[in-house]
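Read through the structure below, which is laid out as structure tokens, and then see the notes.
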Amino acid sequence: MVKFKNFTGYSEFFILPEHPVLMPVLQPEQQNDLVAVEGTANNTAHYINFSLALSKSRGFPYYVATNIDGNLFKKASRSDNWRKDPRIASEYQWGEELYKARKSDFDKGHMVKREDVQWGKTVLEARNAADTTFYFTNAVPQHAALNQQVWAELENYILHTESVPQHLRIAVFTGPVLRSTDPVFVTKVLGKDVQLPTLFWKVVVFAKESKQLYRVGFLMGQEQLLSLAKIVEPTPAELRLTATELFTDFEDAETYQVNITTIESLTRLTFPKAEDAYQDNRPIKLVLEEVEIPVSENSRSRAINHLGYRISNLIA
């Protein structure tokens, strides 16, 4: 039996005890939209090495907050045991009924990457942590061209190019942008319309030897991918999108790396203060045009051949 009381979740004191990295702050209406989580006082669901805040109205997280310890990363087998979180009312979580519905040509997109929390003093601890990423509360529909290619490359870069080789302790915040204008899935699920997020963001907080905290942000979009695959209903024209040394070498950073203020503007979340390791002078309109994942026939080979942070001898 799973002992949820042992799920301590995200730690704000993980990087530097003297400089806590707080979880994102929700707007009052977002706070009121959180699902009730049995056994918690603030409606935050805690797992092993990560926590999340789940939207009651959308069934997807506003954000997930993750601790990554590159020094304690372990190789471990993958479970793929997707299930709903019994601490949360089932009607507020999307499960297999969404991911097996007609035209559900999308992946269960991990918001917390399995390997990101796959660390601990023992392989068993690491495996148990990784297994908790397979709760549906941690999943959001993502087109395969996003989930398995460019988004995966970014996640692998953060973990296997930066965190593990340099034995870093970092905090990563991730989530979809939940907007009222998100397109509707073409299939009703349990008699309900399901709006699918089209933008995903990631914020990385880390420290240098000076004990100074830094942060960088990334944004990627799948609206064109979903539309081309006819996964979502056509969006009315008036609602369409208008068109430091660490964590800055991701090959497509110029396209997908953005100011934290841009992510805050889109999500209406407030992220913990830190020195911004990247400055972007592009207007948000241009950013939203450029972060869309390409839909050309060669986009798959482009992602594999040119983003390329493939790490050998690691279990994907």
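The values are calculated or read from the model by the stated rules, or taken from the named source; none is laboratory data. Here the structure is a predicted model, which is why all the values come from computation and not from measurement. Cβ coordinates were reconstructed from backbone atoms using ideal geometry, including for glycine residues, and neighbour counts include every protein chain displayed.
Summary of values
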| item | result |
| --- | --- |
| Matching residues, the range 269-287, being modelled with pLDDT under 90 and assigned to a loop (DSSP other than H, G, I, E, B) | 277, 278, 279, 280, 281, 282, 283 |
| Near pairs, Cβ below 8 angstrom, 6+ apart or cross-chain, from the range 266-287 (on the phi < 0 side of the Ramachandran plot) to any residue that is among the charged types (D, E, K, R) and in a helix (DSSP H, G or I) | 270/264; 271/264; 282/290 |
| The lone exception for residue 129 - which of (1) outside any loop (DSSP other than H, G, I, E, B); (2) surrounded by fewer than 18 Cβ atoms within 10 Å (Cβ to Cβ) it fails | (2) |
| Criterion (surrounded by 19 or more Cβ atoms within 10 Å (Cβ to Cβ) and farther than 20 Å from residue 224 by Cα) met by exactly one of 117, 150, 140 | 117 |
| Residue within the range 258-268 that is modelled with pLDDT under 60, in contact with a helix residue (DSSP H, G or I) (Cβ under 9 Å, 6 or more places away or on another chain) and closer than 29 Å to residue 103 by Cα present | no |
| Residue satisfying all of: in the range 167-181; more than 19 Å from residue 292 (Cβ to Cβ) and in a strand (DSSP E or B); nearest to the chain's Cα centre (by Cα) among these | 173 |
| Test: residue in the range 194-216 that is out of contact with any strand residue (DSSP E or B) (no Cβ under 6 Å at 6 or more places or on another chain) and not in a loop (DSSP other than H, G, I, E, B) | no |
| Residue in the range 190-206 that is crowded, with 18+ Cβ neighbours inside 10 Å, more than 21 Å from residue 23 (Cβ to Cβ), in contact with a Pro (Cβ under 6 Å, 6 or more places away or on another chain) and not polar (S, T, N, Q) present | yes |
| Flag if residue 154 is assigned to a helix (DSSP H, G or I), under 24 Å from residue 284 (Cα atoms) and of a type outside the set (Gly, Ala, Ser) | yes |
| Residues located in the range 57-79, provided they are under 13 Å from residue 119 (Cα atoms) and touching a Phe, Trp or Tyr at 6+ places or on another chain (Cβ under 9 Å) | 66, 67, 68, 69, 70, 71, 72, 73, 74 |
| Filtered residues of the range 257-275 (kept if within 20 Å of the chain's Cα centre (by Cα) and acidic (Asp, Glu)) | 264 |
| Candidate set: the range 55-70, residues that are of a type outside the set (Phe, Trp, Tyr) and not in a strand (DSSP E or B); chosen: the one farthest from residue 33 (Cα to Cα) | 70 |
| One residue from 16, 98, 52 being touching a strand residue (DSSP E or B) at 6+ places or on another chain (Cβ under 8 Å) and part of a helix (DSSP H, G or I) | 98 |
| Residue ID - surrounded by the most Cβ atoms within 10 Å (Cβ to Cβ), chosen from residues in the range 90-105 that are closer than 28 Å to residue 126 by Cα and either of a type in the set (A, V, I, L, M) or touching a helix residue (DSSP H, G or I) at 6+ places or on another chain (Cβ under 7 Å) (or both) | 94 |
